[in-house]
Amino acid sequence: MSQKSNSVARLLLEARAFLALIVIVAVFSWLSPNYFTVSNFLVMASHVAIYGILAIGMLLVILTGGIDLSVGSVLAFCGVMAGAMMQGIELGTSVYYMPVWGVVVLTLAIGGLIGAVNGVLVAFFRVPAFVATLGVMYVARGLGLLQTNGLTYNNLAGKPELGNTGFDWLGFNRVEGVPISVVVLVVLAVIFAVTLARSAFGRWLYATGGNARAADLSGVPVTFVLLTVYTLSGILAAVAGLVLSSQLTSAGPTAGNSYELTAIAAVVVGGAALSGGRGTVQGTMLGAFVIGFLADGLVIVGVSPYWQTVFTGAVIVLAVLMNSLGNGSARGR
Amino acid sequence: MTQDVVLAARNVAKSYGAVNALKGVNFDIHRGQVTTLFGENGAGKSTLMKILSGVIQPTSGEIILDGQAITFDNASHARARGISIIHQELSLAPNLSVRDNIFMGREIRGPMGVDFAEETRQAQALMAELEQDIDPATPVGALRLGQQQIVEIARALSVDSRILIMDEPTSALSASEVEVLFKVIRDLTAKGVSIVYISHHLEEALQITHHAVVLRDGTMTAYAPRAEIDLNWIVRNMVGENYDLGSPPEVTFGAEALTVEGLTLPGAGFNLVDNLSLSVRKGEIVCIYGLMGAGRTELLETIAGRLRPSAGRILLEGAEMGALSIAERIETGLALVPEDRQRDGLVQTMSVGQNLSLASILSFTRGLFTSRRAEAAIIDSSIKRVTVKTSGPAAPIGSLSGGNQQKVVIGKMMATNPRVLLLDEPSRGIDIGAKAEVFRLLAEGARQGLAVVYSTSEVGECLSIAHRIIVMRKGRIVAEFGPETTKEEIMAASGEAKAA
């Protein structure tokens, strides 16, 4: 193979997630006249927002060579807790209604706390990330069911006389026509993209995932890095939980089931290595949009939901396959 | 003479893309004799051996076995023809026992599946031949590196090969273990087995070899029977000029830089570092010599903060270091260049530049973000200071040769502006040219007031730039010498059997 066609092949590999997205958009636009419209893109983007926010947290964890299986459950538990707080907290005989900003802050703190439990297990007790977060996944799901007795909190809009309206703002409002959830996703993506590329913490993260021992001996605070990424992943799961329950104005303990797998898929399709040390927020965002736009497109053209699952799986395997081919040709000398 | 040649390479060339790893090499292996292949890293030694053992195929040229041209399809094809190879990197499964590793892929079958009793018996016989007291049921992961290398050798011996290629078989062996290996090699050659031997340890190789072949930049630069050559001949042909590992730089020592008092690191049943005290002054270069397991690595890693001592004090220019983390020690000016650069030194997923700047990120962080310009300046000056040969800071770290990778690890720690630099076996697995450059760097640092402590398992390296040579044995300092000592004195103090 000549040098030139080689570099073209390399470029195709690197831009594969982007090309896949273009292909998906082109195919569905051709199949359905409703697909290629601004309003549809905004609706699809607001669906992607949930996965996308989880995927950012997942990327941070995967970059350190770990995995966080608990995010789906944490999302549900945080949503439920937010719902419980919106419904009012019984203090003795009276019921206390918290303002919405207080609910949001406390929910984020709960997510961070659960994430920190993951972090402590992985960083201090050396429990393999897969096992630690698998356990926390079950615990968080169980706590959510216990909290609601298996039921769903409905009607979280709040009441003006109680001063706690506005919970649906996250899920329903728009800025210049763009849903708030999409704005949140974009802001978070930009913050973490810059953090990874330009801050010392970002570099520590890549070094920890690339070779934790070498990073440790180079003075990288590996334990702190691990604790922080799992905590951030928990907080981002709480953000996703708030967005989801706000979109639905209800919070159920079974929400977000298997969302952790979708988040992992987005990270992997976005070109990150599960072994750690490789991956970007930009790639992960592309991955999330590929999966989200594909799923919504199949719904719009009326493909059976069973086929949707098959297509999503095929895309994931194809992406990883290209990943290993790409890495193989880069390393094979 | 020709009928003595069992395997020969004729005009063998191998290229990877635009890189010519081998440029038409002729190489003979004589029946029942040892042929040693000398050459720097990247000279093409391993490539040639991989071709001869069928692991890779040459781009052009031919292989002649017993006078007939032959093409090996793969390694097992070559193994079936009696050619086996001990690779430089250990290829053992650490979770399996010694016995299972030796017979991996060639299990002895009985009527009831694998005949474990017979395998155990043969493994015991091999261990006895190698004079090792290793139970074949021990998991390989529980053995120290030297013993693992013995297992690797035993595995090669368990196949009755006519030609045995050994790529750096002694890099982790102690002097007494090397003696045993040499005895085995002599027995094998007496039985008519031909050996190809590769080693960076030139003096050692000269003891055993019958023929010497020198490679440089993919071409054969010299060939001679053992009787006609000496160490200088090899070195001259390897690097193309006379070399010198340097002499202690003329420095007036400053104040005490590093002080270690009564340092103790407990191990299983005994102390890995045993009540050890040491003091190094500014501008001084101290060499720590000792056998494998003497406690050198443990001492250096304890000082650097990776291991926690049970007793003792570590002072940097009078300031207590004991409670500080690795990161805080680096910031105060105490840096360690670890022994195993692949495992502890480099982040393989990062570029040359990112590896170089990894330990000094905070020095180019402005507020929340890193300053690209400040980072580029640090990387540039590091590349120049440690003379890394690379296509640029963005090149992947894996694209560098072993010697240049080592320089990156050293450069990374130098970039933190240390006052005391600890180096654990800085010359391990790198060629003479790179070694000389590493030592030149250390001497240069000492001239500017850096206190340097390096460990080595090659006596020759003690007698280069070190002002003081410390011999460790069982976690203690057993002797201390000035630069005018002899190799014999150092080796006797370390408890090493006198080399033949």
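The values are calculated or read from the model by the stated rules, or taken from the named source; none is laboratory data. Computed from a predicted model, the values in this text were never measured in an experiment. Here the Cβ positions follow ideal geometry from the backbone for every residue, glycine too, while neighbour counts run over all protein chains shown. Each accessible area value is taken on the protein alone, full model and side chains, heavy atoms only, with ligands, DNA and RNA left out. Shrake-Rupley method; radii C 1.70, N 1.55, O 1.52, S 1.80 Å.
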Checklist outcome for this item: Per the rule of 0.36 nm per residue minus the C-alpha distance, extending A:Arg198 to A:Leu19 adds in nm 61.8 nm
Next on the checklist: Beyond 14 Å, how much of the Cα-Cα pair distribution for the stretch B:18-61 remains, as a whole percent?
Outcome noted: 53 percent
Checklist outcome for this item: Amide H proximity to B:Ile85 below 5 Å, modelled H, separation 5+ or other chain, gives B:Ile165
Checklist outcome for this item: A student applying the Cα gyration tensor rule (rounded when a/c is under 1.5; otherwise prolate if a/b is larger than b/c, oblate if not) would label the stretch A:34-326 oblate
Checklist entry - Expressed as a whole percentage, what fraction of the accessible surface of the protein assembly as shown belongs to carbon and sulfur atoms when a 1.4 Å probe is rolled over the protein heavy atoms? => result 58 percent
Checklist entry - So which trypsin sites (Lys or Arg not before Pro) in the stretch B:115-163 pass both tests, a DSSP loop state and at most 15 other Cβ atoms within 10 Å of the Cβ? => result B:Arg144
Checklist outcome for this item: Expressed as a whole-number percentage, the relative contact order of the stretch A:157-232 with C-alpha contacts under 8 angstrom and at least six residues apart is 13 percent
Checklist entry - For q = 0.10, 0.14, 0.17 Å⁻¹, what log10 I(q)/I(0) does the stretch B:373-500 give under the Debye formula with an equal point scatterer on each alpha carbon and no solvent? => result -0.38, -0.69, -0.93
Checklist outcome for this item: Surrounding charge for A:Met86, neighbours by C-beta under 15 angstrom, Lys/Arg +1, Asp/Glu -1, total -2
Checklist entry - So what is Rg over Rh here for the protein assembly as shown, counting just Cα atoms and using Kirkwood for Rh? => result 1.03
Next on the checklist: Given R₀ = 35 Å, what would the calculated FRET efficiency be for A:Leu143 paired with B:Ile108, taking r from the Cβ atoms and rounding to 0.05?
Outcome noted: 0.05
Checklist entry - Tell me, in nm to one decimal, what length is gained between B:Lys389 and B:Gln68 on full extension, where the rule is 0.36 nm per residue of separation less the Cα-Cα distance? => result 111.4 nm
Item to check | Residue-count net charge about A:Tyr97 - beta-carbon cut-off 12 Å; Lys, Arg +1, Asp, Glu -1 | outcome: -1
Checklist entry - If the chain between B:Leu96 and B:Thr138 were fully stretched, how many nm would it gain, using 0.36 nm times the residue separation less the Cα-Cα distance? => result 14.3 nm
Checklist entry - Say each of A:Phe41 and B:His77 gets a label point 7 Å from the Cα, pointing the same way as Cα to Cβ; how far apart are those two points in nm? => result 5.6 nm
Checklist entry - Label point 7 Å out from B:Trp233 along Cα-to-Cβ: which residues of the stretch B:168-207 have amide N under 16 Å? => result B:202-207
Checklist outcome for this item: To the nearest 0.05, the calculated FRET efficiency linking B:Val55 and B:Ser279 through their beta-carbon distance, R0 being 51 Å, is 0.55
Item to check | Peptide B:395-403, shielding by other chains (average Cβ, 10 Å cutoff) | outcome: 1
Checklist entry - What relative contact order, as a whole-number percentage, does chain B give when Cα pairs under 8 Å and 6 or more residues apart are counted? => result 16 percent
Next on the checklist: Kirkwood hydrodynamic radius, the stretch B:44-188, all distinct C-alpha pairs: what's the number in Å?
Outcome noted: 16.2 Å
Checklist entry - For A:Ile291, what charge total do you get from the other residues with a beta carbon under 15 Å from its beta carbon, if Lys and Arg give +1 and Asp and Glu give -1? => result -1
Checklist outcome for this item: Between chains B and A, total accessible area buried, probe 1.4 Å, no ligands or nucleic acids, nearest 100 Å², roughly 2300 Å²
Item to check | For chain B, calculated [θ]222 nm from helices alone, where every DSSP H run of n ≥ 4 adds -39500 (n - 2.57) | outcome: -9000 deg cm²/dmol
Checklist entry - If each of B:Asp187 and A:Leu261 carries a label point 7 Å out from its Cα toward its Cβ, how far apart are those two points in nm? => result 5.7 nm
Checklist outcome for this item: Taking the chain alone as reference and the full protein assembly as comparison, with a 1.4 Å probe on protein heavy atoms only, the residues of the stretch A:191-218 that lose at least 50 Å² of accessible area are A:Arg198, A:Ala200, A:Arg203, A:Asn211, A:Arg213, A:Leu217, A:Ser218
Item to check | Anisotropy class of chain B from Cα gyration tensor, a/c 1.5 cut | outcome: prolate
Checklist entry - Rounded, prolate or oblate: which fits the stretch A:178-289 when a ≥ b ≥ c are the square roots of the eigenvalues of the alpha-carbon gyration tensor, with rounded for a/c under 1.5 and prolate only if a/b beats b/c? => result prolate
Checklist outcome for this item: Two pseudo-spin positions, 7 Å from Cα along C-beta at B:Arg447 and at B:Thr221, lie apart in nanometres by 2.6 nm
Checklist outcome for this item: If the label point sits 7 Å along Cα→Cβ of B:Leu368, residues of the stretch A:162-204 with amide N under 14 Å come out as A:187-202
Next on the checklist: Taking beta carbons within 10 Å but only from partner chains, what does the mean come to for residues B:366-374?
Outcome noted: 3
Checklist entry - Hey, what's the protein assembly as shown come to in accessible area per residue, 1.4 Å probe, Å²? => result 43 Å²
Item to check | FRET efficiency estimate (nearest 0.05) - Cβ-Cβ, A:Ser275 to B:Ala319, R0 51 angstrom | outcome: 0.80
